[in-house]
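Enquirer: Mind having a look at this structure? Questions to follow.
The values are calculated or read from the model by the stated rules, or taken from the named source; none is laboratory data. All values reported here derive from a predicted model rather than from experimental measurement. Every residue, glycine as well, gets a Cβ built from its backbone with ideal geometry; the counts of neighbours run over all protein chains shown. Accessible surface is based on the protein model in full, side chains and every heavy atom, while ligands, DNA and RNA are left aside. Shrake-Rupley method; radii C 1.70, N 1.55, O 1.52, S 1.80 Å.
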Amino acid sequence: MPESEQYSRNKLMDFIEYRPLDIEICDVTLRDGEQTPGVVFTKEQKLAMASELDSMGVEVIEAGFPVVSANEKETVKEIANQGFNSRICCLSRAVKGDVDAALECDVDIVSIFIAMSDMHLKYKYHRSLEEMLGCAKETIEYATDHGLKVRFAAEDASRTPIDRLKKAFKEVENEYKVQYVSLADTIGILNPTTTHYLVSEIFKEVNTSICIHCHDDLGMATANTLAAAEAGAKQLHTTVNAIGERAGNASLEEVMVALRVQYGIDRYDTTKLTSLSRMVSEYSGITPPVNKAVVGQNAFTHESGIHVAAILEEPRTYELFLPEMVGGKRNLVVGKHTGTKALKGIINSIGFCLEREELCALIDKVKVCTEEKHKSISRDQLERLITQVRQESKTTEKGEEKFSI
């Protein structure tokens, strides 16, 4: 199927001004996703997820936080030595020992982070801004001297004065030639407008690539990530199924599909999104909500009679993108909102053909059944109802024949 027929393009994008996107995805499922309360991935699971992310074209995989444990370090090192096309990143505090652990893992990039907000300086570090910046610079210098590419990340950047961020980023850019500076919306306080403003201000000041790391406390992580991309952010951080601390992070599947539909970026293999979602759901023990965008159970499920009738003729009438584009499947559900035309299409699609009178009788049974049970009807239930209708129809026909004799 031609690419243009797989989804509806948002043509309103032609009427707005935004900076052409120059982006890459850094998926942090293996690190930030594992910080979801109760989630612990095995080495084998992390390797399997990393392999899938690599095969989809994700440019950077954040494999873990090596200093956490010996097993974590071993896992990060094994991922780094798989020969993936994706570059492998790991997390590091502004501590030389963390960088030593990263070096032992053979990663491509080390993400050295500190918080510079007044809140974190006072209540987490109990240290001054100057002290924390000094630690960060020493650690960054140590990492670059040992041949590592560095991402300097500002935790809680969304509550840090912008001038403070600009000054710190400009200093590490000039002194150490870091590859990235990163903005973390650690508590999910941003909205798309303020995200765009923050990134735009940093973009004016630095020549280094900017990263955006959004949390979903207000349900805006994906929107904020895209707003950041429009403002000039290069590296977009995501997790599969939006897992992560508290309300989670920007969703890989939402960001990846939005990049295609909204901006025409089609270099990622989106057909693997649903299977990857199922994999992460199994490994994490967290099932996405049924109405989760892109990969939720109901993402391509239709019950309304008007909708189903139109879907049977042209799926894009009620689907932004076809399920095949993300490796999903369409599910036409029979329920109290199903009309005659839709029901006929559904039963034809599963290999049945009913006369007009039988179809009307089936509709009545469907509505009674769904209202009594307060839920839609499964395919097996539908087939049983079809059998009942046919048997009743035959009984009626025999009775009429007998009466006419």
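Enquirer: Tell me the trypsin sites (Lys or Arg not before Pro) within segment 55-145 that lie in a loop according to DSSP and have at most 11 other beta-carbon atoms within 10 Å. Intermediate results must be reported in sequence, preceding the final value.
Expert: Details: sites: LYS73, LYS77, ARG87, ARG93, LYS96, LYS122, LYS124, ARG127, LYS137; in loops: ARG127.
Listed in order of number, the matching sites amount to none.
Enquirer: Kindly write out, for segment 352-368 in residue order, the coupling ³J(HN,Hα) from the Karplus curve 6.51 cos²θ - 1.76 cosθ + 1.60 (θ = phi - 60°), rounded to whole Hz, with x marking Gly and Pro.
Expert: 10, 9, 10, 6, 4, 5, 5, 5, 5, 5, 5, 4, 4, 5, 4, 5, 5
Enquirer: My understanding is that a pair violates if its Cα-Cα distance is over 31 Å; which of LYS77/LYS166; LYS73/LYS234; LYS124/LYS166; LYS177/LYS292; LYS272/LYS367 do that in this structure?
Expert: Working: LYS77/LYS166 33 Å; LYS73/LYS234 28 Å; LYS124/LYS166 22 Å; LYS177/LYS292 40 Å; LYS272/LYS367 37 Å.
In this structure, LYS77/LYS166; LYS177/LYS292; LYS272/LYS367 exceed 31 Å between Cα atoms.
Enquirer: Restricting attention to segment 172-236, which trypsin sites (Lys or Arg not before Pro) occupy a DSSP loop and are surrounded by at most 16 other Cβ atoms within 10 Å? Before the final figure, lay out the partial values.
Expert: On the way: sites: LYS177, LYS204, LYS234; in loops: LYS177, LYS234.
Answer in residue order: LYS177.
Enquirer: Please arrange MET220, MET13 by accessible surface area, largest first, computed with a 1.4 Å probe and ligands excluded. Provide the component values of the computation, followed by the final result.
Expert: Working: MET220 55, MET13 20 Å².
Descending accessible area places them as MET220, MET13.
Enquirer: Right, here's the next one. For segment 8-105, what % of the accessible area comes from carbon and sulfur atoms, probe 1.4 Å? Intermediate values should be presented prior to the final figure.
Expert: Details: 2160 of 4360 Å².
Here it works out to 49 percent.
Enquirer: OK, next. Could you order TYR123, TYR268, TYR142, TYR197 by accessible surface area, starting with the largest, using a probe radius of 1.4 Å?
Expert: Working: TYR123 145, TYR268 5, TYR142 55, TYR197 125 Å².
Listed by decreasing accessible area, they come as TYR123, TYR197, TYR142, TYR268.
Enquirer: Another question about this same structure. Do me a favour and compute the ellipsoid semi-axes for segment 250-405 from its Cα gyration tensor, root of five times each eigenvalue, largest one first, whole Å.
Expert: Details: eigenvalues 322, 53, 28 Å².
The answer is 40, 16, 12 Å, longest axis first.
Enquirer: Counting only Cα, what are the radius of gyration and maximum Cα-Cα distance Dmax of the chain, in Å?
Expert: Over the chain's Cα set, Rg and Dmax evaluate to 26.7, 104 Å.
Enquirer: Largest first, how would GLU17, GLU253, GLU171 line up by accessible area (1.4 Å probe)? Numbers along the way, then the final one.
Expert: Numbers: GLU17 180, GLU253 0, GLU171 40 Å².
Correct descending sequence by accessible area is GLU17, GLU171, GLU253.
Enquirer: Further, regarding this structure: Compute the convex hull volume of the Cα atoms of segment 318-364, divide it by the residue count, and report the result per residue in Å³ as a whole number.
Expert: 78 Å³
Enquirer: Related question: For segment 244-340, rounded, prolate or oblate, judged on the Cα gyration tensor with a ≥ b ≥ c (square roots of eigenvalues), a/c < 1.5 rounded, else prolate if a/b > b/c?
Expert: Details: a/c = 2.36, a/b = 1.45, b/c = 1.62.
The shape class here is oblate.
Enquirer: On to the next question. Note down the magnitude of the dipole of the chain about its Cα centre, charges +1 on Lys and Arg C-beta and -1 on Asp and Glu C-beta and zero elsewhere, to the nearest 20 debye. Don't skip to the end; give the middle numbers.
Expert: Values: 48 positive and 63 negative charges, 174 e Å.
Here the size comes out at about 840 debye.
Enquirer: Ignoring ligands, DNA and RNA, what accessible area per residue does segment 94-134 give at 1.4 Å, in Å²? Let's see the in-between values first.
Expert: Working: 1880 Å² over 41 residues.
With the other protein chains kept in place, segment 94-134 gives 46 Å² per residue.
Enquirer: In whole Å, how far is the Cα centre of segment 159-238 from that of segment 254-278?
Expert: Cα centres, segment 159-238 to segment 254-278: 22 Å.
Enquirer: Using θ = phi - 60° and the Karplus curve 6.51 cos²θ - 1.76 cosθ + 1.60, what whole-Hz ³J(HN,Hα) does each residue of segment 132-143 get, with Gly and Pro shown as x?
Expert: These are the phi-based 3J(HN,Hα) values: 5, 5, x, 4, 4, 5, 4, 5, 5, 4, 4, 5 Hz.
Enquirer: Another question, if that's okay. Among the DSSP beta bridges whose two residues both lie in the chain, what percent are antiparallel, rounded to the nearest 5? It would help to have the intermediate numbers written out before the result.
Expert: Details: 3 of 40 bridges.
If I count the DSSP bridges inside the chain, around 10 percent turn out antiparallel.
Enquirer: With every protein chain in place, what's the accessible area of CYS353 (1.4 Å probe, Å², nearest 10)?
Expert: About 100 Å², rounded to the nearest 10.
Enquirer: Let me ask another. Whole number in Å², please: accessible area per residue of segment 177-291, 1.4 Å probe, ligands, DNA and RNA not counted. Don't jump to the answer; show the numbers that get you there.
Expert: Details: 4040 Å² over 115 residues.
Result: 35 Å² per residue.
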